[in-house]
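The values are calculated or read from the model by the stated rules, or taken from the named source; none is laboratory data. Given the structure is predicted, the values throughout are model-derived calculations rather than measurements. Cβ atoms come from the backbone with ideal geometry, glycine included; neighbour counts cover every protein chain shown. These area figures cover heavy atoms from the full protein model, side chains too; ligands, DNA and RNA do not enter into them. Shrake-Rupley method; radii C 1.70, N 1.55, O 1.52, S 1.80 Å.
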Amino acid sequence: MSVCGNRSGLVSRRTGWWGRAGRAAGALDQAARRALAAVRSHPRHLVLGCLVAGLLASPSPPLLLALVIAAATLAPRLPLVVATALALFGGALIAQARQQALDRTALGPSLEHAISARATLLERPRRSRSGSRYALAVLTDGLARGERIVLSLGGRRSVPAEATPGAEVAVTGRLVALSDHDGFLRRRGAHARLLFGSLRSTGARRGGLAGALDRLRAGAEGSVAAGLDGPRAALARGMVLGEDEGLDERDREAFRASGLAHLLAASGQNVMLLGALALPVLALMGLGLRARLVGALALVALYVPLAGAGPSIQRAGVMGAAGMVAALAGRPASRCYAVLLAAAATLAFNPGSAGDPGWQLSFAAVVAILVVAPRLAEALCRRGVARPVADACAVTAGATLATGPLMAFYFGRLSLISLPANLLAAPAVAPVMWLGMAAAAVGWLVPAAAALINALAQFPLAYLGWLAHAAASLPVASVGVRIGSASALVGVYVLLASSAMAVVRLPRRTTRRLLGPLVALAAVGVAFGLARARPPPPDPRALIVSFLDVGQGDATLVQAGGAAMLVDTGPPGGPLLSRLRRAGVRRLDVLVITHAQADHEGETAAVLRRFPVGLLLDGGAGTPTPEHRAIVEAAKRRRVPRVTPDAGETLRAGPLELRVLWPHREPAARHAGEDPNQRAIVARLRDGDFDLLLPADAEADVTSALDLGPVEALKVAHHGSEDPGLPDMLRRLHPRLAVVEVGRHNTYGHPTAQALGALRAVPGVYRTDRDGTVRLVVEGGRMTVATHR
């Protein structure tokens, strides 16, 4: 009996467990059926969604075919099946035709040549995170008239004060193709970059409607900043008009670390707040709902060009208008349709927008605000939270959680303080926007009134500035978190969506039963994605030093912020060109030849023929060998400026700084017959807090007399030959990493036992003969090393 009783209890417990699991599965099945019924009951949404899917899937025919099959299963009737298929294929054809039109350019024959032209600036010169400045412009003369190019102005190049949007400038420089890291510029319609150019204002400006909008924008910028001090004026221009160039780097970094950086750019939030201000005013004027909506949309259409008319504010205008329509519609189906319409409009205009992190962040935030936030607010209200507080918390939490995974995926950092910081900032954001927009509108009629309005705005502006710095100063404000693959990113969003569904939509008892299994299922997906993930590519802004495996010779490639330097080119006939192509090199800002020996200059002429080069620092100048004369002739044919080294001079490219420590510039005849190693260039490369010493073949008899401080990394001199002064040099430098560039099975016995013994004092020692190419990545103050053959 006891056994039977135990079995009965066991069966009872199993029945209870299986019963709960069955009820949970039934709830999920019912939710799926309701979702399917909702899709089938809104055929317009299905067709529009298929159009968006076709626009997104145009590069992949297999994916397009899979979507057609999926849409056919969702459509209940044959006419709808046909409509969805046509929408998918139509979207793909539109995207393909539009992309071909955007990629078409007449600049091909001018690439890698010096040009002189006139252009109209489309934006103010901006400063990238690498410190260099750039601006988008459109050529206004010549055969390439109407083509968009990027003006690379460098970090220290003076820019005329008249260089504002709409100004005509005369530019000169070398025109080169965009690099692999310039995708965001390519998506903005640019087809080339002008390097090492001069820029001079002609005093002319564009006319017509665009010129009128330029004047309106200039007036709005003055009105928004009237009466405010420097930091608050810069913050006001950034929040209201998206012009954040006036902010200093310290303020900008505080807003990034605190998760408030989105406030510094004109976004869909600005457009929604403009609508929230305009709709009540239009209602007080006695206008009906449709007239109010038309009036608000007209104001949005005016605000977009006033805020610069860049791609982000164009997207913000479409998204904000869609959100306004959805909010007035009030029905979830209408909100969904508005979001799909905005996606279709932006993708049809520029299919490449889908690859833009800004586009993805915008849609993630809007979807969360329109779909998740109302349900989350209702859930908070049911738990006793006041409606205004619930709405603010729901909008902020939804947008923050929806964009967090994308931030980790693209930028490798996550602000842990973002959610509370945005909640604390919420009460001040709307007043700043509304007062700034009022100042911009009133300033045209009564300029003094703008200053009075801004006298009120300075208080919320000061509060937001203080909040950003206070939040950023917390120890856990920003942490390094990188999602390494698209599958892992999808897994994270599955986790978030499952949790939101469980918390917001289902009853409390069902929530408790389903939340655990859903979290576990999503965690499995995340783990699977992470397991299959390749190491994420370094940030384009990171410093990458590649000690290239080119055999018995030196070749060191340095890349950061879109700039590239190459120090030496290895032996003749070596694999340097393939190594450079594999590293993604399309141009070299600076090419350094340390001295005239074949294992250092062997492939220089080939490099000059293959890649655009901005400057050649020639450490072998004056050497009367046929090999070096070929280098000089190649530089002349390619019109590459050639300079000789002089101790104390500094070369810059983007964030990179190369300081020559040796030799001093002297007539070549004075050193005729001398060992070239004694005159080899010794240089110190710097990027922020990172220093690399590149001594070429100069050993301790040269370097011991130089003023050398500690460095993070060292290229070992002369391929690791015997050098009695090496131990003392290492004590002076204290490098954490040393790399010997040397060929396998060389006949010189490099690296020598003496050199390897001295290098035991260095924590990390690598050799290209044994490890292949050594790739050093410096990102966020952290140094990582990878090797590959």
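Overview of values
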{"read-out": "Hydrodynamic radius of region 726-782 per Kirkwood, over alpha carbon pairs, in Å", "value": "12.6"}
{"read-out": "Sequence-separation-based contact order of region 225-290, relative, with Cα cut under 8 Å and 6+ spacing, percent", "value": "25"}
{"read-out": "Region 615-703 - percent of accessible surface contributed by carbon and sulfur, probe 1.4 Å", "value": "48"}
{"read-out": "Cα-centre dipole for region 214-287 with unit charges at Cβ (Lys and Arg positive, Asp and Glu negative), debye to 20", "value": "240"}
{"read-out": "Sum of side-chain charges, Gly222 neighbourhood, beta-carbon under 12 Å (Lys, Arg +1; Asp, Glu -1)", "value": "+1"}
{"read-out": "FRET efficiency estimate (nearest 0.05) - Cβ-Cβ, Glu112 to Lys636, R0 22 angstrom", "value": "0.90"}
{"read-out": "Sequence-separation-based contact order of region 571-713, relative, with Cα cut under 8 Å and 6+ spacing, percent", "value": "18"}
{"read-out": "Using alpha carbons only: equivalent-ellipsoid semi-axes of region 599-753, gyration tensor based, whole Å", "value": "26, 19, 16"}
{"read-out": "Listed peptides 390-401, 99-110, 46-57 by packing density, highest first (mean Cβ within 10 Å)", "value": "46-57, 390-401, 99-110"}
{"read-out": "Region 653-756 - accessible surface per residue (Å², probe 1.4 Å)", "value": "44"}
{"read-out": "Stretchable slack from Arg387 to Thr787, in nm (0.36 nm times residue separation minus alpha-carbon distance)", "value": "138.3 nm"}
{"read-out": "Segment Arg145-Tyr748, extension gain: residue separation times 0.36 nm, minus the distance between their alpha carbons", "value": "211.3 nm"}
